[in-house]
Ligand code: ZN
């Protein structure tokens, strides 16, 4: 188990665009494992690689402590509906705010075995997918807060 430092708002790496992963090697798998450890250690429901200072399109999500998703090059291929709810972020501690997100999203990603997966999420899972994927494009939830 290895924990990584979580980058905080103001760190410019959080504002950069992450690159696609072209090869799933041991280095990538270690990064993903460390992301999972770091997410659980901080009681987060999701973490994106830029949050630990790595500009690669990697996201881990677990919103119910039952289903852990490790996503490589995730892409939202369908979204619908609209929902407002409060969000927070390990990179922006002590800030919470209401953000509008699609209520349903379908995400396509490569799993750790190199297989292409399609996942449909609603509610908190949809919200979390959108939040984490935004990180890969340098977007933070505070950019989208509406009061
Ligand atoms: Zn976040």
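The values are calculated or read from the model by the stated rules, or taken from the named source; none is laboratory data. Everything numeric here is computed off the predicted structure, so don't read it as measured data. In this analysis, Cβ positions are derived from the backbone assuming ideal geometry, glycine residues included, and neighbour counts consider all displayed protein chains.
Here are the numbers for this structure:
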{"read-out": "Some residue of region 76-99 being farther than 18 Å from residue 14 by Cα, in contact with a strand residue (DSSP E or B) (Cβ under 9 Å, 6 or more places away or on another chain), touching a residue at least 60 places away in the same chain (Cβ under 8 Å) and more than 13 Å from the ligand (Cβ to nearest atom)", "value": "yes"}
{"read-out": "Residue list for region 125-146, filter: part of a loop (DSSP other than H, G, I, E, B), near the ligand (Cβ under 9 Å from one of its atoms) and crowded, with 22+ Cβ neighbours inside 10 Å", "value": "none"}
{"read-out": "Hits in region 1-31 - residues which are more than 14 Å from residue 132 (Cα to Cα) and assigned to a helix (DSSP H, G or I)", "value": "12, 13, 26, 27, 28, 29, 30, 31"}
{"read-out": "Failed criterion for residue 51 (all others in (1) surrounded by 15 or more Cβ atoms within 10 Å (Cβ to Cβ); (2) closer than 26 Å to residue 105 by Cα; (3) touching a strand residue (DSSP E or B) at 6+ places or on another chain (Cβ under 9 Å) hold)", "value": "(3)"}
{"read-out": "In region 12-43, residue surrounded by the fewest Cβ atoms within 10 Å (Cβ to Cβ) [restricted to those that are in contact (Cβ under 8 Å) with a residue 60 or more places away in the chain and out of contact with any helix residue (DSSP H, G or I) (no Cβ under 8 Å at 6 or more places or on another chain)]", "value": "17"}
{"read-out": "So residue 70, is it crowded, with 16+ Cβ neighbours inside 10 Å, away from the ligand (no atom under 15 Å from the Cβ) and part of a strand (DSSP E or B)", "value": "yes"}
{"read-out": "Filtered residue count, region 88-100, keeping only those that are part of a strand (DSSP E or B) and either at pLDDT below 95 or over 17 Å from residue 138 (Cα atoms) (or both)", "value": "3"}
